[in-house]
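The values are calculated or read from the model by the stated rules, or taken from the named source; none is laboratory data. What you see is a predicted model, and the numbers here were worked out from it, not measured in a lab. When we count neighbours, we look across all protein chains shown, and the Cβ atoms used for this are built from the backbone with ideal geometry, even at glycine.
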């Protein structure tokens with residue numbers, strides 16, 4: 001099976017463009033926790049996620065993190081190929097949250113096809129608009145939402161992604177997702193425990209009352 | 001003079017595409033303070049700024065504002081035509097900060113050309129990447145920078161835009177740019193006065209010590 005068909009517009013490319021992609025793309029595997037792309041190193045290439053889960057985040061000057069978005073099977077990561085566009089003036093870091101297999105498309109190959117292919121350029125536009133929407137959601141969250149709402153939303157979202165109400169997450173990991181100090185996370189989790197919404201044990205958070213968490217988000 | 005040449009890729013379009021744009025684009029004038037686009041109304045069309053200055057911002061559920069970016073002469077506003085792309089899932093509001101003249105390109109016209117024109121699609125990509133960079137800068141600011149740094153940076157930036165160190169700005173306007181309550185702005189401005197960095201009089205802020213403000217940003 002041709003993994004490049006994960007690219008929704010693959011069939012709209014010319015035969016020669018398809019061949020160019022097929023001859024240059026290659027599969028890479030990353031273990032859980034491994035870095036796929038580091039803000040400082042430009043142009044690692046585009047990643048088309050074949051399986052697994054990626055996390056895209058930014059890091060402050062003094063090492064604090066906040067998650068921008070997650071990428072799942074069939075998602076594509078553009079910003080690991082930021083040299084592709086002059087106007088991308090920011091750094092993003094990508095790690096594997098689970099063992100992950102990606103198809104790497106070299107930046108210069110993708111760029112050369114995009115320059116002449118309206119379908120590929122328009123697909124790229126849609127991907128960028130989708131990430132833009134994620135980041136606008138994030139701004140809405142960090143600007144206007146109180147931390148209890150953000151944490152409740154994060155826990156419910158994690159439970160949806162993992163398909164379980166028992167989450168293996170340290171307080172520090174949650175802090176790195178939400179851009180908050182670990183102590184702030186710990187304090188709010190203890191408040192949730194007192195309210196009977198969750199229970200805590202070593203490295204694990206168990207959701208006891210989904211409706212209660214939803215009520216916090218919407219109140 | 002054909003105002004559409006403000007579109008950098010105009011000359012890369014086919015004669016027929018150029019004609020379509022010429023026949024559908026029209027000039028509109030907006031007075032200072034007027035709304036060009038309201039988050040709730042989709043697809044006002046694309047705005048190519050001929051003269052003046054626009055402000056793009058988001059509004060929280062309870063009416064608080066934060067500026068995303070500014071648009072100046074020759075800039076183009078994509079997000080006022082958000083129906084153009086399915087993946088744009090957020091609302092933005094645009095107002096004229098000065099008397100402004102724009103060339104309006106109807107969304108469906110722009111979209112129909114972009115779908116077949118690699119140059120226009122790639123130009124759109126670059127514009128979106130540029131706005132994305134603005135928004136990533138904003139996240140860096142609101143997440144990790146203290147309010148004194150943000151306010152000092154804002155005042156210096158305003159002075160650059162206006163070409164003067166005497167700024168006509170209310171504390172509430174500044175609050176709406178930075179996403180902060182007016183009282184927080186007033187308190188920090190008074191601190192800057194005490195430090196000899198600025199002086200305040202009715203509706204006016206005068207920058208007295210640019211280097212002092214720069215030092216705050218970089219400390």
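For this structure, a couple of remarks:
- Residue B:32 passes every criterion in (1) in contact with a strand residue (DSSP E or B) (Cβ under 7 Å, 6 or more places away or on another chain); (2) at pLDDT below 95; (3) in a loop (DSSP other than H, G, I, E, B) apart from (2).
Here is a yes/no grid of residues against (1) in contact with a strand residue (DSSP E or B) (Cβ under 7 Å, 6 or more places away or on another chain); (2) closer than 30 Å to residue A:140 by Cα:
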position: A:11; (1), (2): no, no
position: A:14; (1), (2): no, no
position: A:38; (1), (2): yes, yes
position: A:54; (1), (2): yes, yes
position: A:57; (1), (2): yes, yes
position: A:83; (1), (2): no, yes
position: A:86; (1), (2): no, yes
position: A:95; (1), (2): yes, yes
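- Residue in region B:175-194 that is surrounded by fewer than 17 Cβ atoms within 10 Å (Cβ to Cβ), modelled with pLDDT of 95 or more and not in a helix (DSSP H, G or I) present: no
- Hey, residue B:33 within 20 Å of residue B:158 (Cβ to Cβ) and surrounded by fewer than 21 Cβ atoms within 10 Å (Cβ to Cβ) or not: yes
- When region B:10-19 is filtered for residues that are in contact with a helix residue (DSSP H, G or I) (Cβ under 8 Å, 6 or more places away or on another chain) and surrounded by fewer than 16 Cβ atoms within 10 Å (Cβ to Cβ), the ones remaining, listed by number, are B:11, B:12.
- When residues in region B:20-30 are screened for being surrounded by 14 or more Cβ atoms within 10 Å (Cβ to Cβ) and in contact with a helix residue (DSSP H, G or I) (Cβ under 7 Å, 6 or more places away or on another chain), 4 of them pass.
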